[in-house]
Amino acid sequence: MNLVTIENELIRLFNERKEAVKNHENFMSQNMKEIEELKRQKEMCLKGIDLNKIKIAESLLRVKGLSYGQYNDRCVTEAIKDIAQGAPKMSEGYFGVKNYAHWTHQESDHPYGYGPRHGSIVFSVGLKNPKEKLTEEQKECCLYYLNLLRNREMREAIVKKDMMD
């Protein structure tokens with residue numbers, strides 16, 4: 001074996017090792033997400049929460065700020081009223097609250113894609129696909145989910161620990 005062959009073999013082995021570490025890190029990250037999701041589902045099951053309704057609601061609703069402890073009952077209450085009436089407001093925009101300067105949780109509802117000129121939205125409830133009309137079953141699931149959010153204990157069971165909006 002000559003020096004060129006040795007160097008090329010070292011390069012190949014280091015590259016293989018680098019790729020294996022990257023694949024392992026990706027696997028571990030995905031595996032941990034799956035474990036956390038199953039723990040969340042287990043906690044909901046133990047509290048008697050209907051997992052199927054939660055999954056459907058989470059596929060339809062975009063609730064931002066829960067994992068940061070920014071829950072706002074006004075937004076959830078308005079969303080409940082709106083969904084019960086067929087989501088006319090939520091088909092155009094979301095219910096939100098913002099923090100600005102020394103003021104927190106100021107009401108700040110906006111059309112999708114827009115936000116406040118000053119401050120930032122810290123909690124909001126909207127639809128993931130606002131142009132899609134909700135079926136009766138979907139409305140039921142969303143109302144179930146949102147009403148559970150109003151109860152702190154249930155909200156803590158539902159909230160994904162790593163839910164980055």
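Between 90, 44, 32, the GNM of the chain built on Cα springs shorter than 10 angstrom shows 32 fluctuating the most.
Total Lys pairs in the stretch 1-48 closer than 28 Å by alpha-carbon, pairs eight or more apart in sequence or interchain only? Here the count comes out as 6. Across all Cα pairs in the chain, the calculated P(r) in 5 Å bins from zero up to the longest distance comes to 1, 8, 14, 16, 14, 11, 9, 6, 4, 4, 4, 3, 3, 2, 1, 0 percent per bin.
Counting only protein heavy atoms and a 1.4 Å probe, the stretch 1-157 has 66 square angstrom of accessible area per residue.
With helices as the sole contributors, the chain gives -18000 deg cm²/dmol at 222 nm; each DSSP H run of n ≥ 4 counts as -39500 (n - 2.57), and the sum is divided by every residue. Neighbours of residue 111 by Cβ distance under 13 Å: Lys/Arg scored +1, Asp/Glu scored -1, total 0.
By DSSP, the beta bridges lying fully in the chain are antiparallel in about 100 percent of cases. Taking the stretch 51-158 as the region of interest, the number of lysine pairs whose Cα atoms are within less than 15 Å, with members eight or more places apart or on different chains, is 13. Counting only protein heavy atoms and a probe of 1.4 Å, the accessible surface of the chain is 53% carbon and sulfur.
The values are calculated or read from the model by the stated rules, or taken from the named source; none is laboratory data. Just so you know, these numbers come straight off a predicted model, no measurement behind them. With ideal geometry, Cβ positions are generated from the backbone for all residues, glycine too; neighbour counts draw on all protein chains shown. The area values use the complete protein model at the heavy-atom level, side chains included, leaving out ligands, DNA and RNA. Shrake-Rupley method; radii C 1.70, N 1.55, O 1.52, S 1.80 Å.
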